Amino acid sequence: QVQLAESGGGLVQAGGSLRLSCAASGRSISSYVMGWFRQAPGKAREFAAAITRSGSNTYYRDSVKGRFTISRDNAKNTVYLQLNSLKSEDTAVYYCAAHNRPLGLGDVSQYDYWGQGTQVTVSS
């Protein structure tokens with residue numbers, strides 16, 4: 001129904017920045033709440049950021065507030081995650097995800113569609 005493909009990951013030094021993109025196909029992302037999650041080796045996948053269908057509201061986990069910015073361009077069918085002031089603890093595979101429900105935006109189990117992930121590595 002909707003396919004998601006992340007890009008933009010890479011290796012950066014602490015304090016650096018990356019811009020992740022999530023390109024959707026098959027269906028307009030305007031139909032979905034969009035989120036970014038991340039997963040470090042040996043750890044559970046965790047919520048990073050989410051954005052409502054219109055882009056009017058955004059949500060972040062506390063540890064990334066002020067550093068990460070989620071945005072969406074529904075016309076381009078693309079979601080972004082701007083990563084600034086990166087720390088070594090931000091190292092993870094970052095996943096784009098979509099779901100149709102209005103609640104539980106930070107709940108990984110509520111998301112129906114996932115990309116394959118893009119690796120972000122922050123060196124200290």
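Laboratory data are not the source of any read-out in this text; all were calculated from the coordinates shown. Keep in mind it's a predicted model, so treat the numbers as computed, not measured.
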Per-residue HN-Hα couplings for the range 29-39, Karplus 6.51 cos²θ - 1.76 cosθ + 1.60 at θ = phi - 60°, whole Hz, x for Gly and Pro? 6, 4, 7, 10, 6, 10, x, 10, 10, 9, 9
Using eta = 1.306 mPa s and T = 10 °C, Stokes-Einstein with Kirkwood Rh from Cα pairs puts D for the chain, in µm² s⁻¹, at 112 µm²/s
When the chain is modelled as a GNM with alpha-carbon springs shorter than 10 Å, which of 87, 65, 43 fluctuates the most? 43
